[in-house]
Amino acid sequence: MNLAELQKKLIAAARAHAPGDQVPYAFEKRVTALLAARVAPDPAGLWVRGLWRAAVSCVAVTLLLGAWTVFNPAAGTATPDDLSQNFENALLASVDQNDQAQ
C-alpha cells in the first residue's frame, strides 16, 4: 500500500471523528514533555559496561587458573607427558645437535 495514500486515509478518518471530552486538558503537552525529558541511550556507555563485565570475568578466570597451578599437587613431578619438558627438549634439540657435532 502506498504510504502517502495511507496517511491521507488516516488523516481523513481522524478529521471525521471529533475529539472526545474524555481526554484531559493539556494531555499532549504532558506527553511531549515526557518524551523530551527522556534520555537517549549512550552507545559508548553500553560498550564500557560490557567491557568491564568481561574484564572482571577474565580476572576471575585468571585467578582461578593461577590458584589451580600453584596448589596442584602433581605440579612437582615431571611426567613423560609433561608439555613443558617436551617443549624445552624440542627447543634445545638444535643446540644439543650443534654441541655434539663439534
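Residue count for the range 23-52 satisfying the condition of being exposed (fewer than 10 other Cβ atoms within 10 Å of the Cβ), in a helix (DSSP H, G or I) and basic (Lys, Arg): 1. If you go through the range 7-21 and keep only what is in a helix (DSSP H, G or I), exposed (fewer than 10 other Cβ atoms within 10 Å of the Cβ) and not hydrophobic (A, V, I, L, M, F, W, C), you end up with just 15.
Every number in this text was worked out from the coordinates using simple rules, so none of it is lab data. Please read all numbers here as calculations on a predicted model, not as lab measurements. No Cβ is skipped: glycine too gets one built from the backbone with ideal geometry, and neighbour counts run over all protein chains shown.
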